[in-house]
Amino acid sequence: MKLKCIKCGKEYSLDDVRYRCDCGGLLEVTQKELPGPQIVSVWDSRLGSKKAVDQSGVWRYREMVLDEENPVTFPEGKTNLYTLPVRKGLFAKHEGENPTGSFKDRGMTAGITFAKKLGFRAVACASTGNTSASMAAYAARAGLKAIVFLPSGKVAAGKLAQALAYGSTIFEINGDFDDAMRIVVNISQDMGIYLLNSLNPVRLEGQKTIVIDMLSQLDWEPPDWIIVPGGNLGNTSAFGKALRELKMAGIIEKLPRIATIQAEGASPFYKSFKNGFKSFEPMKAETVATAIRIGNPVNFEKAKNSIIFTNGVVESVSDREILEAKVSLDSAGIGVEPASAATHAGLRKLEQSGIIKPHEKVVLVLTGNLLKDPDIVKRIHSNEIEGFERFKDQIIKVNPELDEIKSRLREVIQ
Ligand SMILES: *Cc1c(COP(=O)(O)O)cnc(C)c1O
């Protein structure tokens, strides 16, 4: 296994602590060749094992992640694939069911395991919230110091609570995520701290398992579409790499198309896609979906390759569409944070424009848990956001008097 530049092809040792090539290009991990489709029976045989490394929905597929028998694991990645009754052939892979409530755990178990192996004592990240929550938890488990850089005032309450509780040191930056990202890249190089943003190629090896695990749950019959929200574009990048490697090994033949969904106010990837990837312009980002409030995604070049390789598309949706989609997923009993709901909003839009056909099989990747962002739930359901007046009577305030309550209850159950 090596680190290889996706731009010029130059190779480095996997143990080289570097996040970019000398030419400035992004690096990816080159994997050993898989033995072929028979590896699937090895992965299946681990389902009955009681060892954490086999139970993990990341390390169960370790032949495609890192050669590691003793990873830092909780174990993570055992997430459900739900059918959604609103549409035939619609599934949701609920990554909010990971130990810290987001898919970031899949990348972090790989990243922290590798940081420990390299002998680092401290790890750092810039984060819109979930990366910091995940990194803090895994660092605590590994006995490493966690340092996180957060955009001031823009991190959802649940995520900030986790980063604090798990014991990380927090630098609250008077700026946005893109400022924090620029700073942490600089600092980690200079100060000998291991960087655990998705710029780190080892993290993306862990995130590939979202796709591998989903395909295993679908008995290796790929869907027509995988829909994922796009922020820093780590997942979009990792999904393309996973599909490339699975196809190369003959484990799948058909390639699902990737649809990446961005929030309108944070949609530089969408805009670039619209002009045929001829140019790329970072933007100042603003959206209710704080997890994807990113204007200058570091993984742009890899994500572009994923869209091209899978004949995929990029779409953008408004904050209003995101919140409507959130209400729809939440009220089905499958709660999500706003960024995850962008997938469902994107599906609606891509169906309306005829790009996704009604008979096609679709998997939404629900990236984060409902409890990450309790404030937005409160605002939607207490008439604080225009367009959701229908919830205004959901909370009924009463005195502790039986007759009054019975009378109100009659109105509810009739
Ligand atoms: C990090 C995150 C995203 C964005 O993922 P990228 O890989 O950076 O595009 C989306 N949703 C949630 C909940 C996240 O935590």
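The values are calculated or read from the model by the stated rules, or taken from the named source; none is laboratory data. It should be emphasised that the depicted structure is a prediction, and the values quoted were computed from it without experimental measurement. As a convention, Cβ positions derive from the backbone with ideal geometry for all residues, glycine included, and neighbour counts pool all protein chains shown. The protein model used for the area step is the full one, side chains on, heavy atoms only, and it has no ligands, DNA or RNA in it. Shrake-Rupley method; radii C 1.70, N 1.55, O 1.52, S 1.80 Å.
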>> Sorting check: for 142-155, 201-214, which peptide has the highest mean count of neighbouring beta carbons within 10 Å, and how do the rest follow?
In response: 201-214, 142-155
> Can you tell which of Gly234, Gly312, Gln262 lies farthest toward the positive end of the dipole of segment 233-363, using +1 and -1 charges on the Cβ of basic and acidic side chains (Lys, Arg; Asp, Glu)?
Replying inline: Gly312
> Leaving out ligands, DNA and RNA, what percent of the accessible area of segment 191-340 is carbon and sulfur, probe 1.4 Å?
Replying inline: 50
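Roughly how big is segment 25-93's charge dipole about its Cα centre, with Cβ charges of +1 (Lys, Arg) and -1 (Asp, Glu), in debye to the nearest 20? Don't jump to the answer; show the numbers that get you there.
Details: 10 positive and 9 negative charges, 105 e Å.
With only Lys, Arg, Asp and Glu charged at Cβ, the dipole is about 500 debye.
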> With point charges of +1 on the Cβ of Lys and Arg and -1 on the Cβ of Asp and Glu, referenced to the Cα centre of segment 65-187, which listed residue (Gly153, Gly107, Thr83) lies farthest in the positive direction of the dipole?
Replying inline: Thr83
> Which of the listed residues, Ile396, Ser127, Tyr19, is farthest toward the dipole's positive end in the chain, when Lys, Arg count +1 and Asp, Glu count -1 at the beta-carbon?
Replying inline: Tyr19
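Considering only DSSP beta bridges whose two residues both sit in the chain, what percent are antiparallel, to the nearest 5? Show your work: numbers first, answer last.
Values: 13 of 43 bridges.
Just about 30 percent of them are antiparallel.
Sum up the charges of everything whose Cβ sits under 14 Å from the Cβ of Pro223, counting Lys and Arg as +1 and Asp and Glu as -1, but leave Pro223 out. Spell out each step's value before the answer.
Details: positive: Arg87, Lys88, Lys93, Lys254, Arg257, Lys357, Lys361; negative: Asp213, Asp219, Glu221, Asp224, Glu253, Glu360.
Neighbour charge sum, excluding Pro223 itself: +1.
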> In the chain, what is the volume of the convex hull around the alpha carbon atoms, normalised per residue and reported in Å³?
Replying inline: 161
> Using only the Cα atoms of segment 74-172, what do you get for the radius of gyration and for Dmax, in Å?
Replying inline: 15.0, 49
> Applying the Karplus parametrisation 6.51 cos²θ - 1.76 cosθ + 1.60 with θ = phi - 60° to the phi angles of segment 54-62, what ³J(HN,Hα) value in whole Hz is obtained for each residue in order, glycine and proline being reported as x?
Replying inline: 7, 6, 4, x, 9, 7, 4, 9, 4
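Listed here are the pairs Lys154/Lys378; Lys10/Lys208; Lys116/Lys145; Lys271/Lys302; Lys278/Lys302; which of them are more than 19 Å apart at the Cα?
Details: Lys154/Lys378 17 Å; Lys10/Lys208 23 Å; Lys116/Lys145 11 Å; Lys271/Lys302 16 Å; Lys278/Lys302 15 Å.
Cα-Cα > 19 Å for Lys10/Lys208; rest within.
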> If we sort 397-405, 304-312, 362-370 on the protection proxy, mean other Cβ atoms within 10 Å, highest first, what's the order?
Replying inline: 362-370, 304-312, 397-405
> To the nearest Å, what is the center-to-center distance of segment 54-105 and segment 1-50, using C-alpha atoms only?
Replying inline: 19
>> What's the ranking of 256-266, 114-124, 53-63 by average number of surrounding C-beta atoms within 10 Å, highest first?
In response: 256-266, 53-63, 114-124
>> Tell me the net charge near Phe391. Cut-off is 14 Å between Cβ atoms, Phe391 excluded, with +1 for each Lys or Arg and -1 for each Asp or Glu.
In response: -1
> Excluding ligands, DNA and RNA, what is the solvent-accessible area per residue of the chain at a probe of 1.4 Å, expressed in Å²?
Replying inline: 42
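Below 12 angstrom from the Cβ of Val317, what's the summed charge of the other residues (Lys, Arg +1; Asp, Glu -1)?
Details: positive: Arg320, Lys326, Arg348, Lys349; negative: Glu264, Glu315, Asp319, Glu321, Glu324.
Net local charge, Val317 excluded: -1.
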